[in-house]
Amino acid sequence: MRRLVNIRPGRGGKVFLGAAPLALVAIGYVVASAARQAENPADKLLPPIEAMWSAWIRMSLEVDPVTGSIPLWADTVASLHRLILGLGISTGVTLAFGLVLGLLPVARATLGPLVAAIAVIPPIAVLPVLFIALGLGETAKVALIVIGITPFMVRDLASQVGAIPEEQMVKAQTLGASTWQIALRLALPQAMPKLLKGLRLSLGPAWVFLIAGEAIASDVGLGYRIFLVRRYLAMDVILPYVAWISLLAVLMGLLLSWISRKFFPWDHTRGAE
Amino acid sequence: MKDVLLSIRDVWVEYGDRIVLEKVNLEISRGSFVSIVGPSGAGKSTFLRLIIGQEAPSRGAIFLNGEPLQPEPGPDRGVVFQRYSVFPHLTALENVAFGLECSGSMFLGRLFGKRRKAALDEAAQMLARVGLSHSLNAYPSQLSGGMQQRLAIAQALVRKPRILLLDEPFGALDPGIRLDMHGLIDELWREHGLTILMVTHDIKEAFKLGDRVLAFDKRRHDPHAPHRFGSSAVYDFPLTEKNRRPPAELLALSGAEPSRAE
């Protein structure tokens, strides 16, 4: 009898094993929904698939007479705009600070404690401060994302840059490289795939901060919508929206992976860690 | 004394109250191939770090070509480590061209057009010389250990350093590959008239390649405070073709650490 630790599923087996729990959850939902509908046709907590589908069609195709736009697309555009702006600013700040902190011991000694202190502040706790200081508009919501993910990304990148082997740093200097040339030709290119990895890990938190910001003060956005329709227990809208947000998050993650493979193939070859 | 390239005068290295090297006095002539051996912890790597410029002596002075050595690495000293000497994000060709691009372009560290082509041609020639002409566009992670060390040597030589420093360069290689590398480094030494300092664990390798062997160890030993005495070069053998066999006392010195099979 082979040990359990040595039994590895094949290709088809993996697909089957991976799909089974998902299918079970879906079937479980359909069964539970049907049971609740049978008892009370007006039940709102577990709407049947058809109800969610018709809500989805309504949100994604019909123009809302009040705002004059189609809710799903207006929400998606507004949310992605905030998210991408926040991620972009965080990435830029991270690149600059991460490189400097990772490369220069003087900068690490000067700014390291400050970054560490900022990193322990729970970002949501700062949200009121942001709304007071920056108003209820777009700025505060983007700022929440930036404040929420940048400290982690900076520390992650700084440690990755700091982990470039000393042998490489010495070698570059024996080849005549200045500090600037080391930053530009050695640290920056090696930091890029690590930065993308850090960004991918930060996507989850970034969505959390985005939805938190939108839930509290907004008039459009995916987070705004689900918190709005919550008042009417409109699970038929909330659940498709949650699925849509998850799909967007997965697609962004895949896009970042693809960029990393496409532009930094050396980080993905066999033997690279 | 012959034409002296590197002169080490009364050099000490101390960390707090721990003395690693004491009173090292050496002169290295231009064009020599000096092997440095010694048991672990005898300071041979520290000695090499001094010459590379990774650290400065606590006392004493080092002169390269008559001038005081800067305590930071520079293009007058080429280096090949046991591992991690090459840049993983650059192809073999770009790894070798890196040194040429750094000296040719202060701000961008990159060359363009004709100058780039000239640098790449020079790099390709250097790679052909070390036997890597078929892997110009491979990334280091796609090369075997021996090929990575060939690449590291080509990369170091392209800046034409005054002195080439090798830190256990063949320590991680298979015996057969190691023999090939011995042949290569010996040829390059003769062809380019290089001055080489090589730290190695392998006494046979030291005597086979070097024309002078230095053995580092502690001259004095205090069993109650072993850290209070540092090492220095206790044996200094000039080698001719006739005496290429390690003497018995040296093999005994490294007894705690048997040389790896060739």
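What follows draws every value from the coordinates through simple rules; no lab data is involved. Treat the numbers as computed from the prediction; the structure is a model and nothing was measured. All Cβ positions, even for glycine, are placed from backbone atoms using ideal geometry, and neighbour counts span all protein chains on display.
Annotation: B:Gly109 fulfils all but one of (1) of a type outside the set (Phe, Trp, Tyr); (2) over 20 Å from B:Pro169 (Cα atoms); (3) surrounded by fewer than 18 Cβ atoms within 10 Å (Cβ to Cβ); (4) within 12 Å of chain A (Cβ to nearest Cβ); the unmet one is (3). Considering every residue within region A:224-246, establish whether at least one is away from every other protein chain (no Cβ under 14 Å), surrounded by fewer than 22 Cβ atoms within 10 Å (Cβ to Cβ) and among the polar types (S, T, N, Q). Yes: one or more hits. State whether one or more residues within region A:256-269 are buried (at least 19 other Cβ atoms within 10 Å of the Cβ), more than 30 Å from A:Arg36 (Cα to Cα) and among the charged types (D, E, K, R). The answer is yes, given that some residue of region A:256-269 is buried (at least 19 other Cβ atoms within 10 Å of the Cβ), more than 30 Å from A:Arg36 (Cα to Cα) and among the charged types (D, E, K, R). The C-beta contact set for region A:242-256 (first residue under 15 Å from A:Val77 (Cα atoms), second residue buried (at least 17 other Cβ atoms within 10 Å of the Cβ), distance under 7 angstrom, 6+ apart or interchain) comprises A:Ile245/A:Trp207; A:Ile245/A:Leu222; A:Ala249/A:Leu203; A:Ala249/A:Trp207; A:Met252/A:Leu203.
In region B:60-69, the residue that is farthest from the other protein chains (Cβ to nearest Cβ) out of those that are touching a strand residue (DSSP E or B) at 6+ places or on another chain (Cβ under 9 Å) and under 14 Å from B:Arg162 (Cα atoms) is B:Gly66. Candidates in region B:49-58 are the residues that are of a type outside the set (Val, Ile, Thr) and over 12 Å from B:Ile8 (Cβ atoms); of these, the one that is surrounded by the most Cβ atoms within 10 Å (Cβ to Cβ) is B:Gly53. Being in contact with a helix residue (DSSP H, G or I) (Cβ under 6 Å, 6 or more places away or on another chain) and either hydrophobic (A, V, I, L, M, F, W, C) or part of a loop (DSSP other than H, G, I, E, B) (or both) is true for just one of A:Ala51, A:Ala78, A:Ala42. Which residue is that? It is A:Ala51.
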